[in-house]
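**Q** Please read through the structure below; I'll follow up with questions.
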Amino acid sequence: QVQLVESGGGLVQAGGSLRLSCAASGRTFSNYALGWFRQAPGKEREFAAAITTSGARTYYADSVKGRFSISRDNAKNTVYLQMNSVKPEDTAVYYCAAQDPPRTGQAMGVRLTRAYQYDFWGQGTQVTVSS
């Protein structure tokens, strides 16, 4: 059982920056692979970024690569999404997700970039980018 709570969303101008946080209540945070997904009205939930349990590897959707950065602080049970150079098309509800136990027998990219691979989800935080 993992409880996830996102924060940090809000309104930001195009070209600006925003930092999202997701705090987990579980005691085994360091065992979770973590991801950020986003969903805009009328669109499917889509992958944005993911990070392995140790933080050694990260994955990004092409749409955010070079602009967003995912990181984790296992001591604080928190995963972050630093959003730089935001665009109006980044507007969405952003969800953090945890994978526990870590998946095996699949390519890492598949394990971490597909929503169905995650076990626990936060409530989401709205990010709105004005143009």
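**Q** What are the pairs with Cβ atoms under 8 angstrom where one residue, in region 119-131, is under 18 Å from VAL2 (Cα atoms) and the other, located anywhere, is outside any strand (DSSP E or B)? Sequence gap at least six, or different chains.
**A** Pairs found: ASP119/VAL2; ASP119/ASP100; PHE120/GLN1; PHE120/VAL2; PHE120/GLN3; PHE120/ASP100; THR125/GLY8; THR125/GLY9.
Matching residues to (1) in contact with a Cys (Cβ under 8 Å, 6 or more places away or on another chain); (2) at pLDDT 95 or above:
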residue	(1), (2)
SER85	no, yes
GLN99	no, no
ARG111	no, no
GLY122	yes, yes
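**Q** State whether one or more residues within region 68-89 are under 15 Å from ASP119 (Cα atoms) and of a type in the set (Ser, Thr, Tyr).
**A** no
**Q** Would you be able to tell me the number of residues in region 4-45 that are outside any strand (DSSP E or B) and either free of Cβ contacts under 8 Å to residues at least 60 places away in the same chain or among the aromatic types (Phe, Trp, Tyr) (or both)?
**A** 10
**Q** Would you say ALA33 is of a type in the set (Gly, Ala, Ser) and surrounded by 22 or more Cβ atoms within 10 Å (Cβ to Cβ)?
**A** Answer is yes for this residue.
**Q** Can I ask one more? Look through region 90-117, keep the residues that are in contact with a Gly (Cβ under 6 Å, 6 or more places away or on another chain) and open to solvent by 10 Å² or more (accessible area, probe 1.4 Å), and return whichever of them is nearest to ARG57 (Cα to Cα).
**A** Checked region 90-117; the qualifying residue nearest to ARG57 (Cα to Cα) is TYR95.
**Q** While we're on this one: What's the total number of residues in region 22-32 that are modelled with pLDDT of 95 or more and touching a helix residue (DSSP H, G or I) at 6+ places or on another chain (Cβ under 9 Å)?
**A** Qualifying residue count for the region: 1.
**Q** Please go through region 2-20 and give me each residue that is within 12 Å of VAL127 (Cα to Cα) and in contact with a Phe, Trp or Tyr (Cβ under 9 Å, 6 or more places away or on another chain), ordered by number.
**A** GLU6, GLY8, GLY9, ARG19, LEU20
The values are calculated or read from the model by the stated rules, or taken from the named source; none is laboratory data. Note that the structure is a prediction, hence the values are computed from the model and not measured. Here Cβ is always computed from backbone atoms with ideal geometry, including for glycine, and neighbour counts include all displayed protein chains. With ligands, DNA and RNA removed, areas are computed over all heavy atoms of the protein, side chains included. Shrake-Rupley method; radii C 1.70, N 1.55, O 1.52, S 1.80 Å.
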